[in-house]
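Input: a single structure, listed below in structure tokens.
Bear in mind these aren't lab numbers, they're just calculated from the coordinates by the rules spelled out. Because the structure is predicted, anything quoted here is derived from the model rather than measured. All Cβ positions, glycine included, derive from the backbone under ideal geometry; neighbour counts span all protein chains shown.
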Amino acid sequence: MTKTLMVTGASKGIGLETVRRFLENDADLTTVVLVARKSDEYDQALAELEELNTRGVTLAPYYADLADREGVIALCADVARDHGNVDILVNNAGYTKPVPLQQVDFADFERTMAVNVYAPFTFVQELLHQGNQFQLIVNIASTAGINGRSGWLTYSASKAAVINMSEVMREELAIYGTRVVCISPGRTATALRRVLAPDEDPSTIMQPQDVAAVIEMLASPVGRFVDSANLVVRQ
Ligand SMILES: NC(=O)c1ccc[n+]([C@@H]2O[C@H](COP(=O)([O-])OP(=O)(O)OC[C@H]3O[C@@H](n4cnc5c(N)ncnc54)[C@H](OP(=O)(O)O)[C@@H]3O)[C@@H](O)[C@H]2O)c1
């Protein structure tokens, strides 16, 4: 039996901590497909994960800018060819550039939608086209997608779309035995949070390990008793 986990935005923050938890705790895991852009930080994260990887799980890094839809489509074909079925997909990668409404650059709005909404959609659609049968899809939205925040127009709008898109995925994919969970974290101490709130003390807010623990729980047998339309995770 194989069990493959795929995590986008796996180079740092919540995505990296999610990979770490599964590697440490899921004895059935055979492959992890990781996605982020090429960087020293990603290389360093991969090296640290390899050190933790005492059970010989295949760690398969891929490099892609998720704003590039053609690249995402090609990546899905590569993953299907190289690793077969993806059992658990965590659509975690996220982007934001907070500015007041008057300063929103339309190209940046499109980039935000491409990374936060179109990429998770494309991963699911393209892998389905490859014949993939998902057990579980976890889409990471945000509490900012439930209530819009001043200065965060593009980010809030994109995350609201993730919440709604997840509801449709949940309904449409249930017949294939796929569970779709949307989680909306609150403030979490990561690089992305520093962009949104540069003056905040990261030690006073939720840590990425906390969100990763919730994702792990959702993938465990008990997870199916707690999935809901949109699971808010906050301190
Ligand atoms: N931190 C919070 O307070 C908070 C709250 C609610 C929701 N969230 C959501 O949680 C998710 C994870 O974010 P995080 O807080 O863990 O932030 P993070 O540490 O900054 O990680 C973001 C991840 O997304 C990837 N990413 C961003 N743009 C990309 C692109 N164009 N192509 C490929 N990968 C890209 C990054 O990879 P690169 O190495 O390529 O940059 C990185 O791995 C996001 O969806 C975010 O919106 C965060």
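Exposure proxy ranking for Ile140, Ile73, based on other Cβ atoms within 10 angstrom of each Cβ and starting from the fewest, stands as Ile73, Ile140.
When only alpha carbons are used to place a centre, segment 67-117 and segment 191-235 end up 20 Å from one another. When Thr204, Thr143, Thr2 are sorted by how many other C-beta atoms sit within 10 angstrom of their C-beta, beginning with the fewest, the order is Thr204, Thr2, Thr143.
From the helices alone, meaning DSSP H stretches of at least four residues, give me the mean residue ellipticity at 222 nm for the chain, per-run term -39500 (n - 2.57), in deg cm²/dmol to the nearest 500. Dividing the helical sum by the residues of the chain leaves -13000 deg cm²/dmol.
With no solvent and one point on each alpha carbon, what is the Debye value of log10 I(q)/I(0) for the chain at q = 0.09, 0.12, 0.14 Å⁻¹? The computed values of log10 I(q)/I(0) come out as -0.34, -0.62, -0.87. Take every Cα pair under 8 Å whose residues are at least 6 apart in sequence, average their separation, divide by the length of the chain, and the relative contact order is 20 percent.
Descending by average beta-carbon neighbour count within 10 Å, the peptides 114-123, 3-12, 128-137 line up as 3-12, 114-123, 128-137, the highest first. In terms of other Cβ atoms within 10 Å, Thr54, Thr178 run from fewest to most in the order Thr54, Thr178. Compared with the dominant Cα axis of the chain, that is its longest principal axis, helix 208-219 is turned about 50°. Here the dipole of segment 4-233 is about 460 debye; that uses its Cα centre as origin and unit charges on the Cβ of Lys and Arg (positive) and Asp and Glu (negative). Roughly how tilted is helix 69-83, in degrees to the nearest 10 and between 0 and 90, from the longest Cα axis of the chain? Approximately 20 degrees, to the nearest ten.
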